[in-house]
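The values are calculated or read from the model by the stated rules, or taken from the named source; none is laboratory data. What you see is a predicted model; the values in this text were computed from it and never measured. Glycine also receives a Cβ, built like all others from the backbone with ideal geometry; neighbour counts cover every protein chain displayed.
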C-alpha cells in the first residue's frame, strides 16, 4: 500500500483544545479496552490499518517534533489501546483524531489490537524533538531533580513507563508534545489523566514544567529500538 507523505500545519494543534470537564475514572477497564488487550494481534492486518493513521503520525510513526502529533513508534501496546479506546468512548477529547479512530474508519477491537501491535514494533526516530536546555544549563539539572522526586515512581529511571499499569514510555517522545500534555494534565484539561499524576504535578510552576519535560526529552532510548538514521523510511509504505 502507498501513502502520501505530508506534514500538516502547526495550526492543526489548535484543534486539540480541550474543555475543562469533570474527569472520569482513570482506568475503569472493561469494554473495548479489555477486549482488545486480550485478543491475539495480527500485525500484518495492523499494517494495513495503520495507513489511516500514517497521514498524521507519518508512515514511520514518528509524529512531528513541533508537538502537533506524538511519536507512536515503540510505545507500549496497552497504552495505545487504552488511549484509542478512550478516544472512541469520548473519555479523551481529541477532535482531530476522533473520526479516524472510529470503528467505521479502522475497525473493531481486533483492529485496535492489530494496529498497535504493528506500531509498537516500529523503530523510533533517533532525532526526536528535544528541549532547549542540554546538560550545560542549570535548567537541565533542575529538571533531573524534579523528575527523580516526582516521576520516577511511575515512569521509571529510564522513562520506560509501566506496561501493566498503562504508564506510557516517555523516553524518545517529542519535547513540545510532552510539554502540551503535561500542561493539560496539570490544569485538569485532559479528562483521562491519571488522578495521581494530576495531584503530583498540580503545584508545578511554568519553569518547573519546562525544566522537567526538558530533562525527559534528553533521556536516551536503547539503541536497538532506534531507526538506523533520521532518514530511515518505513519500507511498508514506499
With the requirement that a residue be in a helix (DSSP H, G or I) and in contact with a strand residue (DSSP E or B) (Cβ under 9 Å, 6 or more places away or on another chain), what does the stretch 198-238 give you? 225
Output yes when any residue across the stretch 176-184 is free of Cβ contacts under 8 Å to residues at least 60 places away in the same chain, touching a helix residue (DSSP H, G or I) at 6+ places or on another chain (Cβ under 6 Å), assigned to a loop (DSSP other than H, G, I, E, B) and crowded, with 18+ Cβ neighbours inside 10 Å, and no when none is. no
Scan the stretch 46-80 for residues that are in a loop (DSSP other than H, G, I, E, B) and either without any contact (Cβ under 8 Å) to a residue 12 or more places away in the chain or more than 19 Å from residue 213 (Cβ to Cβ) (or both) and jot them down. 58, 59, 60, 61, 73, 76
Considering residues that are more than 24 Å from residue 222 (Cβ to Cβ) and either modelled with pLDDT under 95 or not in a loop (DSSP other than H, G, I, E, B) (or both), the number found within the stretch 128-140 is 2
Residue list for the stretch 109-134, restricted to those being out of contact with any helix residue (DSSP H, G or I) (no Cβ under 8 Å at 6 or more places or on another chain) and over 24 Å from residue 166 (Cβ atoms): 126, 127
So which residues in the stretch 82-108 are in contact with a helix residue (DSSP H, G or I) (Cβ under 7 Å, 6 or more places away or on another chain), outside any loop (DSSP other than H, G, I, E, B) and farther than 19 Å from residue 51 by Cβ, if there are any at all? 82, 85
Hey, residue 146 assigned by TED's automatic domain parsing to the domain that holds residue 70, outside any loop (DSSP other than H, G, I, E, B) and closer than 22 Å to residue 193 by Cβ or not: no
